[in-house]
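Since the structure comes first, as structure tokens, the remarks are kept for the end.
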Amino acid sequence: MSLEPIIKYTFKDKELLEIALSHPNQKSFASDYQRFEFLGDSILSGCISKYLYNCFKDADEGTLNIMRTAIVSGNSLSKKALELKIDKRIKLSDVYRKNFGEPSSSMLEDTLEALIAAIYLDSDLKTVESWILDCFRNELKVVREEIKRINPKGALQEWTQLNQEGIIPQYRVKETAGPDHNKSYTVEVSIEGKVLGTGISTSIKNAEIDAALDALNKIK
């Protein structure tokens, strides 16, 4: 069976797919494959970075890096390659097959990156970015759930983008209590005037985080 129905992409130029599946240890297209791998790695990282940057506007660089790494790490990519049955279609040398049998995790990772480059070269950036986001939709969903724990304000911002286009959550200190050395802040978060969540903490920043988490729990 062809790989195309599995990856849900049909190549106009079949040689691009052949190059992407031809690991260098069997000599054919070795140089082209390595160039594909280089390009695919950059496209994948750029696409995921852009998606995370646009979706999580309140996330800092460190948080964005953690999320991106969870998706584009070698372990994640090799699992995705197995999911796409690339291990059954990658072309390896007879010597390698005889001595080792199955392709290594790094081979699967590299070949998936080469495949991404092949799709880009066969189409355009918009098409390959759409393919990547669809291919990694489950991983992105996991990241979105995780971000609710480590960055609830970013998660609430993403929700408003998806459900209330152009609207930004508004945070307001509703009440301040206690002595100067031990103040307590009550913060409300609202969307278009409707209060969705409330948080209480000894700092405004943490009260905002608690308010966003409260809102997310109510939305869910």
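The values are calculated or read from the model by the stated rules, or taken from the named source; none is laboratory data. For clarity, every value in this text was computed on a predicted model and none was experimentally measured. Here Cβ is always computed from backbone atoms with ideal geometry, including for glycine, and neighbour counts include all displayed protein chains. With ligands, DNA and RNA removed, areas are computed over all heavy atoms of the protein, side chains included. Shrake-Rupley method; radii C 1.70, N 1.55, O 1.52, S 1.80 Å.
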Across the stretch 29-160, how many lysine pairs, 8 or more apart or on two chains, come within less than 23 Å at their alpha-carbon atoms? 22
Along the Cα→Cβ direction, 7 angstrom out, place labels at N99 and K126. What is the inter-label distance in nm? 4.7
Stretchable slack from D60 to L133, in nm (0.36 nm times residue separation minus alpha-carbon distance): 24.1 nm
If R0 = 45 Å, then I219 and R89, at their Cβ-Cβ distance, give a FRET efficiency to the nearest 0.05 of 0.60
Starting from the residue with the highest accessible area, list H23, H181 in decreasing order, probe 1.4 Å. H181, H23
Karplus couplings for the stretch 97-105 from phi (6.51 cos²θ - 1.76 cosθ + 1.60, θ = phi - 60°), rounded to Hz, Gly and Pro as x? 4, 5, 7, 10, x, 8, x, 6, 4
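Per residue, how much accessible area does the chain have with a 1.4 Å probe, in Å²? All intermediate terms of the calculation are to be shown ahead of the outcome.
Numbers: 12140 Å² over 220 residues.
Per residue, the chain has an accessible area of 55 Å².
When the accessible area of the stretch 1-51 is computed with all protein chains present and a 1.4 Å probe, what percentage of it is carbon and sulfur?
55
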What aspartates and glutamates could a cross-link reach from K12, if we take a straight Cα to Cα line under 13 Å and drop same-chain neighbours fewer than 8 places away? E4, D122, D124
Give me the percent relative contact order of the chain, please, defined on Cα pairs under 8 angstrom at least 6 residues apart. 19
Give the relative contact order (percent, whole number) for the stretch 69-197; include only Cα pairs under 8 Å separated by 6+ residues. 14
Whole-Hz Karplus ³J(HN,Hα) for the stretch 160-171, in order, using 6.51 cos²θ - 1.76 cosθ + 1.60 and θ = phi - 60°, x for Gly and Pro? 5, 5, 7, 10, 9, 3, x, 9, 10, x, 10, 10
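Starting from the Cα gyration tensor of the stretch 87-153, take the square roots of the eigenvalues, sort them a ≥ b ≥ c, and report rounded, prolate or oblate (rounded when a/c is under 1.5, otherwise prolate if a/b is larger than b/c, else oblate). Could the numbers behind the result be given before it?
Numbers: a/c = 4.31, a/b = 1.67, b/c = 2.59.
Because a/c hits 1.5 or more and a/b fails to exceed b/c, the stretch 87-153 counts as oblate.
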Can you bin the chain into rounded, prolate or oblate? Criterion: square roots of the alpha carbon gyration tensor eigenvalues sorted a ≥ b ≥ c, rounded for a/c under 1.5, prolate for a/b above b/c, oblate for the rest. prolate
Environment charge of S28, counting only residues whose C-beta is closer than 10 Å and scoring Lys/Arg +1, Asp/Glu -1: 0
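First check a/c for the stretch 67-181, with a ≥ b ≥ c the square roots of the eigenvalues of its C-alpha gyration tensor; if it is under 1.5, answer rounded, and if not, answer prolate when a/b is larger than b/c or oblate otherwise.
In terms of gyration-tensor shape, prolate.
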Helix-only [θ] at 222 nm, the chain, -39500 (n - 2.57) per DSSP H run of 4+, per residue, nearest 500, equals -19500 deg cm²/dmol
Estimated distance in nm for a label pair at T10 and Q164, the labels positioned 7 Å out from Cα along Cα-to-Cβ: 4.4
